[in-house]
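Take a look at the structure set out below.
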Amino acid sequence: MSSSELIYKITPRLAWQQARSIGIFQGAPIDLQDGYIHFSTANQVAETAAKHFSNMDDLLLVAVNSAVLGEELQWEISRGGALFPHLYASLSMQDVLWAKPMPLSAKGHHIIPLDIQ
């Protein structure tokens, strides 16, 4: 799998634990409001964390192989004219590669897992 196929979802740990218990992630409140699950590429994760999750603790970064999501994954123009991956379906736990903690640094910035591609 090439790194360009990986996309990432930032989510509170509790929401992710609830999703794992039922086998699907239907999205955070903002996703449900917008009608799709917001994802980011590796290059977009840090800015997404800073903009939408500032000073929020107990977050997870979830990695998904975008190639398995099919037509429900759409790349759409968003922040700054960049293309962002949006999933117009629920996310099956079977499509998740991993979920890793994103702790806050002493300065209040999220620490992104080093193996993000």
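Points worth noting:
- Residues in the range 86-117 that are in contact with a Leu (Cβ under 6 Å, 6 or more places away or on another chain) and over 17 Å from Pro12 (Cα atoms) were compared, and the one that is surrounded by the most Cβ atoms within 10 Å (Cβ to Cβ) is Leu87.
- Only residues that are under 9 Å from the mean Cα position of the chain (by Cα) and either of a type in the set (Asp, Glu) or more than 11 Å from Thr11 (Cα to Cα) (or both) were counted in the range 38-47, giving 3.
- Every residue from the range 41-58 that is farther than 15 Å from Leu97 by Cα and surrounded by 19 or more Cβ atoms within 10 Å (Cβ to Cβ): Gln44, Val45, Thr48, Ala49
So that you can scan it fast, the table gives a plain yes or no per residue for (1) free of Cβ contacts under 8 Å to residues at least 12 places away in the same chain; (2) within 26 Å of Gly108 (Cα to Cα):
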residue	(1), (2)
Glu5	no, no
Ile10	no, yes
Arg13	no, yes
Gly23	no, no
Gly27	no, yes
Asp31	yes, yes
Ala49	no, yes
Asp58	no, yes
Ala67	no, no
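- Per-region count, the range 14-56, residues within 15 Å of Ser78 (Cα to Cα), in contact with a Lys or Arg (Cβ under 9 Å, 6 or more places away or on another chain) and aromatic (Phe, Trp, Tyr): 1
- Unmet requirement for Glu72, which otherwise passes all of (1) in contact with a Leu (Cβ under 8 Å, 6 or more places away or on another chain); (2) modelled with pLDDT under 95; (3) of a type in the set (Asp, Glu): (2)
- The range 1-51, residues that are part of a helix (DSSP H, G or I), in contact with a Phe, Trp or Tyr (Cβ under 8 Å, 6 or more places away or on another chain) and of a type in the set (Val, Ile, Thr): Val45
The values are calculated or read from the model by the stated rules, or taken from the named source; none is laboratory data. Predicted model only: the values in this text are computed from it and were never measured. Reconstructed Cβ throughout: ideal geometry from the backbone, glycine too, with neighbour counts over all protein chains shown.
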